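No value in this document is a laboratory result; all are computed from the given coordinates. All values reported here derive from a predicted model rather than from experimental measurement. So basically every Cβ, Gly included, is an ideal-geometry build from the backbone, and we count neighbours across all protein chains shown.
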Amino acid sequence: MKILIVSDTHGRDENLEDACTREAPFDMLVHCGDVEGREFYIEALAECPCVIIAGNNDFFSDLNREEEVDICGHRVLVTHGHSYGVSMDISGVIEEAAARGCGIVMFGHTHKPVVAERDGILAINPGSLSYPRQQGRKPSYAVMECDESGRVQVQIRYLDGRF
Ligand SMILES: [Mn+2]
């Protein structure tokens, strides 16, 4: 099973279109917030089950603020992360995931990609496809692949980007 994880597209979908084209076929799309009204378009684009949550810029959105989903037998917390201090570090989202019995947490908000394991919890921030802020500022996303035994591999991937 292949999951495309994206975040912080902020209403600009050109790079998301490129990421979808490049990674197709995938089985699920997770968007960690700051969608800015594009959720229906993104669901149509992805052509697969989508988990899309609201970010701090999705003021008037009907999207859930957080979701807990099962992916490949893993309990996954999907949150934008701004309520857990992710701009400082990942300890807040790690603690929240642990408190909820989630082995994986997916978040965004910082526009900087991170894959880290702490206290047995895997934290994934795909960065931003529209407004990257890490050094080099390449649009980024993450791909998670699980095999039949539930083993998970995560990679951050980069686009040259259409701006
Ligand atoms: Mn954002």
Report the Cys residues of the chain lacking a disulfide-compatible partner, meaning no second Cys Cβ under 4.7 Å from their Cβ. C20, C32, C48, C50, C102
Count neighbours as other Cβ atoms within 10 Å of each site's Cβ, and list the chymotrypsin sites (Phe, Trp or Tyr not before Pro) in segment 20-125 that are DSSP loop with at most 15 such neighbours. F59, F60
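Given the rule -39500 (n - 2.57) for each run of at least 4 DSSP H residues, summed and divided by the residues of the chain, what is its mean residue ellipticity at 222 nm, to the nearest 500 deg cm²/dmol?
Working: 3 runs with 27 residues, N = 163.
Using -39500 (n - 2.57) per qualifying helix, the result is -4500 deg cm²/dmol.
Defining a contact as two alpha carbons under 8 Å apart and six or more residues distant in sequence, what relative contact order in percent does the chain show? The partial results should precede the final answer.
Details: 395 pairs, mean separation 38.0, N = 163.
Relative CO of the chain lands at 23 percent.
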Please arrange M144, M88 by how many other C-beta atoms lie within 10 Å of their C-beta, fewest to most. M88, M144
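Please work out whether segment 15-71 counts as rounded, prolate or oblate from its C-alpha gyration tensor, where a ≥ b ≥ c are the square roots of the eigenvalues and a/c under 1.5 means rounded, while otherwise a/b larger than b/c means prolate and anything else oblate? Intermediate values should be presented prior to the final figure.
Details: a/c = 2.29, a/b = 1.43, b/c = 1.60.
The shape class here is oblate.
What number in nm² do you get for segment 2-158 if you take the convex hull of its Cα atoms and divide its surface by four?
Details: hull surface 33.1 nm².
Hull-based average projected area comes out at 8.3 nm².
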